[in-house]
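*Asks:* Encoded as structure tokens, here's the structure I'll be asking about.
Nothing in this text is a laboratory measurement; each read-out follows from the coordinates by a stated rule. Note that this is a predicted model, so its numbers are computed, not measured. Please note: Cβ atoms are built from the backbone with ideal geometry, for glycine as well, and neighbour counts cover all protein chains shown.
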Amino acid sequence: MPETSKSKDVVVRPEALHNLLTDLFSNLGMTIDNASWCAECLVLTNLWGIDSHGVLRLPIYVQRLAQGAIKANPETRVTGGSGAFEVLHGGNGMGFVSGRDAMARAITLAREHRIGAVAMTCSNHFGAAALYARQAAEAGMASLVMTNVLPNLVVPGGAKPVTGNNPIAFGAPTAEGFPFLLDISMSAVSGGKLLLAIAKEEKIPLGWATDRDGQPTDDPNIGFGGFLQPLGGHKGFGLSLMVDILCGVIAGGAFQFALKSMYANPDAPSETGHFMVAIDPTVAMSRDTYLARMGKFYRTIKSSPMTEEGHEMFIPGEIEEQRRRERERDGIPLTAALFDEINQIAATHGVQPIATVG
């Protein structure tokens, strides 16, 4: 496998991609509201430059919707909890929809109690966790977002995985024109990075993944069929266990090997769980005071000296915001193969294809 990509990227307009995705999801049975939201999630993720969680995932989502593994319009319902903590059932719907509903309910609870927690069971892959931290920030809330994954992480000394790379995101409003958005998985990289390397026909660093026998590999195809390596050794391992406890054990939903991979089991619901916490940042002060304090926090980081002249420090979410502005102006790059696949999927489901920029 070569070190560099064989295929040349093509560029598409974000609004054209959003329209195609909305029409596609609508033709697969979603309401216009849900279809547009799912399209927004995928396009925004690509705009941020997180291409591993953007439209690269479209083929598997469409396959699962068409086969009924994902319900097009699930009924989200309360199954437990009281006060500031509720448990919801996602109805085996699209993870984007379940994630939105869970965070929306957490925000509502936080407006009443100053903090709101929601565990969502029976959902599916919800894309980038930062999407829901952003949702909370736009409502004026700080937040924590988590989701559990079928065990895919080989921990130090272990021969087989016992936990997933279970992502964690944290968000907070700022007055800088973009929210603080931290989004990390508990593996060295997400599985989506391997999919992106496969699509670009690139090798991967040896610290990212192993084969099925736990041996490090630089082949993303072997790594995707094998296991991921943990972030920070035992630290990432411990945090991944915490996420599975909150998203699965405490919530009464699936955890560990009761979860299903959407790639290995495309015709079955994944039973994924999410855990959302919304926090009112004005619990101890006015909103103006909070934003002023966040501004001081931000400026302290930005003024930190760097070892190389001309370099600067960034807070989580800042580089993604810069990338979003660039791609809104210049367009979203896709591999030629992915562009063709998206248009083929669109044609199959009665949607007009999109053209490249220029």
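*Asks:* Rg/Rh for segment 66-164: what does it come to with C-alpha atoms and Rh from Kirkwood?
*Replies:* Working: Rg = 15.1 Å, Rh = 14.6 Å.
With Rg and the Kirkwood Rh in hand, the quotient comes to 1.04.
*Asks:* Looking only at segment 165-179, which residues have a backbone nitrogen under 17 Å from a spot 7 Å from the Cα of Ala284 in the C-beta direction?
*Replies:* Under cut-off, by backbone N: 172-173.
*Asks:* Could you work out the local net charge near Gly81, counting Lys and Arg as +1, Asp and Glu as -1, over the other residues with Cβ closer than 14 Å to its Cβ? Present the calculation step by step, with values, prior to reporting the outcome.
*Replies:* On the way: positive: Arg77, Arg105; negative: Glu86, Glu112.
Summing Lys and Arg as +1 and Asp and Glu as -1 gives 0.
*Asks:* Can I ask one more? Starting at the first residue of segment 228-239, write each ³J(HN,Hα) from the Karplus equation 6.51 cos²θ - 1.76 cosθ + 1.60 with θ = phi - 60°, in whole Hz, x for Gly and Pro.
*Replies:* Result, rounded to whole Hz: 8, 9, x, 7, x, x, 5, 5, x, 4, x, 5.
*Asks:* A follow-up question, please. What value, in deg cm²/dmol to 500, does the helix sum -39500 (n - 2.57) over DSSP H runs of n ≥ 4 give at 222 nm once divided by the residues of the chain?
*Replies:* After summing the helix terms and dividing by the residues of the chain, the value is -12000 deg cm²/dmol.
*Asks:* Hey, how many Å between the Cα centroid of segment 311-354 and the Cα centroid of segment 282-306?
*Replies:* Going from one Cα centre to the other spans 32 Å.
*Asks:* As an exercise, take the mean of 1/r over every pair of distinct alpha carbons in segment 227-358, invert it, and state the Kirkwood radius in angstroms.
*Replies:* On the way: mean 1/r = 0.0483 Å⁻¹.
Evaluated on segment 227-358, it is 20.7 Å.
*Asks:* If you don't mind, there's one more thing I want to ask. Using modelled backbone amide H atoms (1.01 Å from N, in-plane), which distant-in-sequence or interchain residues come within less than 5 Å of Phe180's amide H?
*Replies:* Long-range HN contacts for Phe180: Ala172, Thr174.
*Asks:* For Lys302, which aspartates and glutamates qualify as cross-link partners when the Cα separation must be under 17 Å and same-chain residues fewer than eight apart are set aside?
*Replies:* Glu176, Glu312, Glu318, Glu320, Glu321
*Asks:* Determine how many Å³ per residue the convex hull of the Cα atoms of segment 150-279 encloses. Provide the component values of the computation, followed by the final result.
*Replies:* Details: hull volume 18.0 nm³, N = 130.
Measuring per residue, one finds 139 Å³ for the Cα hull of segment 150-279.
*Asks:* Let me ask something additional. Evaluate 2.2 N^0.38 Å with N set to the residue count of the chain, then give the Cα radius of gyration divided by it. All intermediate terms of the calculation are to be shown ahead of the outcome.
*Replies:* On the way: Rg = 20.1 Å, N = 358, 2.2 N^0.38 = 20.6 Å.
So the Cα radius of gyration is 0.98 times the expected 2.2 N^0.38 Å.
*Asks:* Follow-up. Note the full-extension length gain between Arg323 and Ala258 as 0.36 nm times their separation in residues minus their Cα-Cα distance, in nm to one decimal.
*Replies:* Full extension from Arg323 to Ala258 adds 19.7 nm.
*Asks:* Taking a 20 Å limit on the Cα-Cα distance, which of the listed pairs Lys160/Lys260; Lys8/Lys200; Lys71/Lys260; Lys160/Lys200; Lys8/Lys193 fall beyond it?
*Replies:* Numbers: Lys160/Lys260 16 Å; Lys8/Lys200 9 Å; Lys71/Lys260 16 Å; Lys160/Lys200 28 Å; Lys8/Lys193 18 Å.
As for pairs spanning more than 20 Å Cα to Cα, those are Lys160/Lys200.
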